[in-house]
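Visitor: Here it is: the structure, laid out below.
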Amino acid sequence: MSSTTSQSARTKQTVTLTWDKPGTQPPVFVAAAFAEWQPFEMEATQKEDGNMVFSKTFHDVEEGVYEFKFRLGVGDWWVTDETHETSKHCMLS
C-alpha cells in the first residue's frame, strides 16, 4: 500500500500578516487577495513600550504573490505600510 499527497495539499501554507505602527489602536483589519478581499479583524498584542502590534494568521494559502491592505477602525480608512511591500510572496519552506 502506498500513500500519495495531492498537488493542492503540497502547495498550501500558513501566512501571518502584521501591522506594527506606534499609536495604532484597535480595531485593525486586514484584507488580502488570497482571501477574496474579505476584511478580517487582527489580534492585538501590547508590546513592552505600550504600543500595540496586530497580527492575523491565514491557513491553507496557496503559493503565489498576493496583495494586501489594512483598515484602521470600523470605517473605510484603508492604509498601507510605506516601510513594507504591499504584497507577499507565499513560498513553500
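Visitor: Check off (1) surrounded by 10 or more Cβ atoms within 10 Å (Cβ to Cβ); (2) modelled with pLDDT under 90 for Ser93 and give me the number that stays unchecked.
Guide: It fails just one condition, (1).
Visitor: If I filter region 17-32 down to residues being surrounded by 15 or more Cβ atoms within 10 Å (Cβ to Cβ) and more than 15 Å from Asp76 (Cα to Cα), which single residue comes out as farthest from the chain's Cα centre (by Cα)?
Guide: Only one residue tops the list, namely Thr24.
Visitor: Restricting attention to region 33-58, which residues are of a type outside the set (Val, Ile, Thr), surrounded by 11 or more Cβ atoms within 10 Å (Cβ to Cβ) and either in contact (Cβ under 8 Å) with a residue 40 or more places away in the chain or assigned to a loop (DSSP other than H, G, I, E, B) (or both)?
Guide: Phe34, Trp37, Pro39, Met42, Asn51, Lys56, Phe58
The values are calculated or read from the model by the stated rules, or taken from the named source; none is laboratory data. Only a predicted model underlies this, so the values are computations on that prediction, with no experimental measurement involved. Please note: Cβ atoms are built from the backbone with ideal geometry, for glycine as well, and neighbour counts cover all protein chains shown.
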